[in-house]
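Below you'll find the structure, written out as structure tokens, and then a few comments.
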Amino acid sequence: MKLFKDNQISQDTWTEIGDDPLPAVGDLLVSYSRLSAEHATLTQLPVRLGVIFDNAERAEVLKDHLQSLSLIVLAFPSFGDGRAYSLARQLRDLGYTGELRARGDVLPDQLQFMMQVGFDTFEVSDRFTEQDWRRAAEQISLSYQPITGNKQDIWQARHAYAEALREQPHAG
Amino acid sequence: MYRYDEFDQQFVDQRVTQFREQADRRLRGDLTEDEFKPLRLMNGLYLQLHAYMLRVAIPYGTLSSRQLDRLAEISEKYDRNYGHFTTRQNIQYNWIKLEETADLLADLADVEMHAIQTSGNCIRNVTTDHWAGAAADELADPRPVAELIRQWSSLHPEFSFLPRKFKIAVTGAPADRAAVKVHDIGLRMHLSESGERGWEVIAGGGQGRTPMIGVTVREFLPEKELLPYLEAIMRVYNLHGRRDNKYKARIKILVHEIGADTFRDEVEAEYARGSEIDIAVSQRELDRIAAYFAPPQFEELPNWSPRNEEHKATNKEFAKWVRSNVAPHKQDGYAIVNISLKPEGGIPGDATADQMRTVADLGRRFSFDEIRVSHHQNLVLPHVRQEDLFDVWQILSAADLATANVGLASDIIACPGLDYCALATARSIPVAQSLSRRLADVERQQDIGPLRINISGCINACGHHHVGHIGILGLDKKGEEFYQITLGGSSSEDASIGKILGPGFAGEDVPDAIETIINTYVGLRQPDETFLSTLKRIGAQPFKEALYETV
């Protein structure tokens, strides 16, 4: 599967294990049920660990796993199913700082929203070009809601200007 | 009134550019209709029975004269010289061409307006009391908070793909003119003993196929906690609301299925969890917004105008209009003028370009440049000097805008119905028209007293029939339209859902049936009893007897 990551298209390096025996090397992606059942074994392996998390689960159940995870994959079964937006927010709020990946019906028109709630990688098909994705990532530069990364939201930007004036003792 | 700053303006301009590019892709055939649909819906563009329909947001129903002039101009430039004001304080244009939509949106952006989120499964245009900032009974103007919610909910990254649409209503008065108990979230202002403002948070109300009265989730939420708390409710709904059946996907079904207590616990747990992102209302931002809603420069006037009294005494028509359409203002010497868009035999909520310009001009000359849209599909001049009422009435009369029926039997709410709507099962407009002809006598209407008749052309209930004192629902039975009648609904602080009276009626029999119901009430009421209180006292039985024996 191709990924849109760091503003370019790259190949995915992770191996999805399913129910197969565990390899001892590589970046291993397992289901949440396997993660919870084989947590002890999995965390002993000298590998990076990722989980495919179901939208019907509660984010809290991952709380104790977050330190050992390098990737969490959330799915958009259709672009109109927005549960993963809230799960992404909750996982970031729980302190997860690793890779957060969107898969499923991921379209350029929704890329901004996904980035804003904390997704940083996206599984993409050949239907859209790298150029399409880059353009989508820049499309709406302004937002009323806080944005991940270093951009300011409108409410911050609006008052940053006034604040700068206030800090100068004789301004205005 | 709120004015866009550079950020608001740039935000809306970017949206127009984005839509122009999307529409071009569709017109070139690079996007299929299926792919284009969610994109156009995010900008309020529906494909209806005969043409595209564009729904333009009028945030919390407040317009400047310049904006209303522009809405008139748009109706001439892109439509057929009229617009339709809706129950959600918006305006709809019914005959729009896709090729011209981006230009139309640019014309809107030019006067600080947009059509963002007037459709789709997102947070819709926030609505409020159409008398906000003017009503005599108001605690405080709710519009600063409504504007804050407008900004917060605009293209919210987390809440743009909810299980279903989401409507928030806000009121700052004890008399509920914003129907907060039948919204997905309703907010009602209260003052603490020390005078601090807080909000009662009501969730899970709604109309549609499964009407429900909302439940109070918090009795008194301090104002600064409002946005984080709304996010907690939205997150619980986004994660747990049903997505398997669109008819069971509204938040009211979630609240109903898991129960009010469990829902409240979920929301409080989510709220207590907190977030690394601080979105609490900054006092600075709220103050900045509130400054735009400072009361206009009212003159010091006595609360009695000899000129007005004299005209009332000598002109019967004017006196009738004042009695029905003028409401008390919080400022002495001023009044609230309600402009009926329900002329005898007219289409509820429709206004021609010329009528819009007349009202815009009146707003400019007599109402501090402000006009409101009510969720009863009427317009309001919120701040008129009592001294000027007669002049305003004369100008309205000349424009066929002085029907003296606001709040009375022929002030009927109706959805577009089968004349326009792809979902409708029956026509609403012709029923409203024939009823308004039958009930036209204003003196009789004033004798009947306040009465709300609401008509929907299908079970989706856009005509709010569930909360009409008398509700009329148009259905289809083997290719024939027929109309079910409900009694006892209300969207006010005593909110309730009307109950079906009995078998339905053919369209041509509806006026007789409504007439019978009204006559039954008038015959059985006690002095000073409203329709609803009579119904409460005597029950539906006398109405059933009258109706099914005589019709």
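No value in this document is a laboratory result; all are computed from the given coordinates. What you are looking at is a predicted structure, and each value in this text was computed from that prediction instead of being measured. Ideal geometry is used to build each Cβ from the backbone, glycine not excepted, and the neighbour counts take in all protein chains shown.
Remark: the Cα gyration tensor places region B:10-67 in the oblate category, a/c being 1.5 or greater and a/b not exceeding b/c. Net charge in the neighbourhood of residue B:542 (other residues with Cβ under 13 Å of its Cβ; Lys, Arg +1, Asp, Glu -1) is +2.
Ordering B:304, B:95 from the fewest to the most neighbouring beta carbons within 10 Å gives B:304, B:95. Peptides B:378-389, B:336-347 ordered by packing proxy, namely the average of other Cβ atoms within 10 Å per residue, highest first: B:378-389, B:336-347.
Working out 0.36 nm times the residue gap between residue B:478 and residue B:20, then minus their Cα-Cα distance, what length gain in nm do you get to one decimal?
Roughly 160.6 nm would be gained on extension.
I want the local charge near residue B:190. Using Cβ-Cβ distances under 11 Å, sum +1 for each Lys or Arg and -1 for each Asp or Glu among the other residues.
-2
Remark on chain B: B:122, B:421, B:458 stand apart, with no other cysteine beta carbon under 4.7 Å.
Only helices enter the 222 nm calculation for chain B: every DSSP H run of n ≥ 4 contributes -39,500 (n - 2.57), and dividing by all residues gives -11500 deg cm²/dmol, rounded to 500. Taking the C-alpha atoms only, the angle from helix A:83-93 to the longest principal axis of chain A is near 80 degrees. Among B:271, B:548, B:334, sorting on how many other beta-carbon atoms sit within 10 Å of each Cβ, with the fewest leading, yields B:548, B:271, B:334. The distance linking region B:2-44 with region B:403-423 is 31 Å (Cα centroid to Cα centroid, whole angstrom). The amide H of residue B:52, built 1.01 Å from its N in the peptide plane, has B:96 as neighbours under 5 Å, considering only residues 5 or more places off or on other chains. Summary of the geometry: region A:10-37 and region B:281-308, compared by the centres of their Cα atoms, lie 63 Å apart. The Cβ shell under 14 Å around residue B:428 holds other residues with a net charge of -2, Lys and Arg each +1, Asp and Glu each -1. When B:113, A:115 are arranged by Cβ crowding within 10 Å, least crowded first, meaning fewest neighbours, the order is A:115, B:113. Other protein chain C-beta atoms within 10 Å of residue C-beta, averaged over B:177-185: 0. Across peptide A:76-84, the mean count of Cβ atoms from other chains lying within 10 Å of each residue's own Cβ comes to 5. Peptide B:148-155 is shielded by partner chain Cβ atoms: per residue, an average of 3 of them sit within 10 Å of its Cβ. The DSSP beta bridges internal to the protein assembly as shown are antiparallel in roughly 65% of cases.
Could you sort out which of B:167/B:544; B:37/B:224; B:246/B:342; B:181/B:330 sit more than 29 Å apart by Cα distance in this structure? Over 29 Å Cα-Cα: B:167/B:544; B:37/B:224; B:246/B:342.
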